[in-house]
Every structure is written in C-alpha cells, then in structure tokens.
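The values are calculated or read from the model by the stated rules, or taken from the named source; none is laboratory data. For clarity, every value in this text was computed on a predicted model and none was experimentally measured. Here the Cβ positions follow ideal geometry from the backbone for every residue, glycine too, while neighbour counts run over all protein chains shown. Note: accessible area is taken over every heavy atom of the protein model, side chains too, but ligands, DNA and RNA are not part of it. Shrake-Rupley method; radii C 1.70, N 1.55, O 1.52, S 1.80 Å.
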Amino acid sequence: MTAAGPGELLTRITVPAGKKDGFAAVTLGADGTCIASAAASVNGSGSIRVALGCVAAVPVVVTADSPEGVADAVRGANLTPPFDVHASSEYRAHLSAVLAERAAQEAATR
C-alpha cells in the first residue's frame, strides 16, 4: 500500500543500499522462481537479521547474534515450507538454513 490517493501516481521510490547486507537464493533457471531465498542484514551491534523467502505464505524473519548462529536460528523457527514438484518441504527447510548462513556470511564480510 502507498499513501497515493485517487488520481495520484507513484513515480519513484528510493530504497537506500545497505552497507552490511547479503543475499542468497536457489532458483529454477537463470531468472526463475526461487525455491528458497535469504536476505541478511547486520545491525550496529553486530547481530544479524535474516528474512527467508519461499518457505511460508509471508517472509519469515529470524535473528542471531553472529553468522555462525544463523543456521540454528532458522532450524529453531520450526519451518514447514510448502512442497511442490520442484522441492520437498524438508529440502526447502534445509536450503533455508544453508542460504541464511551464506547470506549472513556475505553481510558480515562487507
């Protein structure tokens, strides 16, 4: 939703680039749909926040004190992702932990 009213047109949005962010995904084909994805951001105190995609109806957010603790935080979220012809629920849950750790490592090393 935007604050645009009737007759108004949104012509631009600006999202500032983060300095300590990371992203990892497994997709179908070069520009395909994600089987699972993770976006990580390190805050000023060093803790990491990770948003997981394609594992629930809405993104799932987990936090950890360090990149090494991210996979445990994902497993602690007790995800039950959807399954389809491309990936089982168990595979998506496993990928979420792996991708979250990769994204967190990328964010921590920037």
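Brief remarks follow.
- Yes/no for ARG110 being loosely packed, with under 12 Cβ neighbours inside 10 Å and closer than 20 Å to PHE23 by Cβ: yes
- Residues in the stretch 34-44 include none that are over 20 Å from LYS19 (Cβ atoms), in a loop (DSSP other than H, G, I, E, B) and open to solvent by less than 50 Å² (accessible area, probe 1.4 Å).
- For the residues VAL61, VAL74, VAL26, the requirement of being open to solvent by less than 30 Å² (accessible area, probe 1.4 Å) and either touching a Phe, Trp or Tyr at 6+ places or on another chain (Cβ under 6 Å) or at negative phi (or both) singles out VAL74.
- None of ALA71, ALA107, ALA97 is over 16 Å from ALA36 (Cα atoms) and among the hydrophobic types (A, V, I, L, M, F, W, C) except ALA107.
- Residues of the stretch 45-58 satisfying the condition of being small (Gly, Ala, Ser) and open to solvent by less than 20 Å² (accessible area, probe 1.4 Å): GLY53
- Close pairs (6 angstrom Cβ cut-off, 6 or more residues apart or separate chains): in contact (Cβ under 8 Å) with a residue 12 or more places away in the chain in the stretch 82-103, part of a helix (DSSP H, G or I) anywhere: SER96/VAL74; ALA97/ALA71; ALA97/VAL74; ALA97/ARG75; ALA100/VAL70; ALA100/VAL74; GLU101/VAL70; GLU101/ALA71
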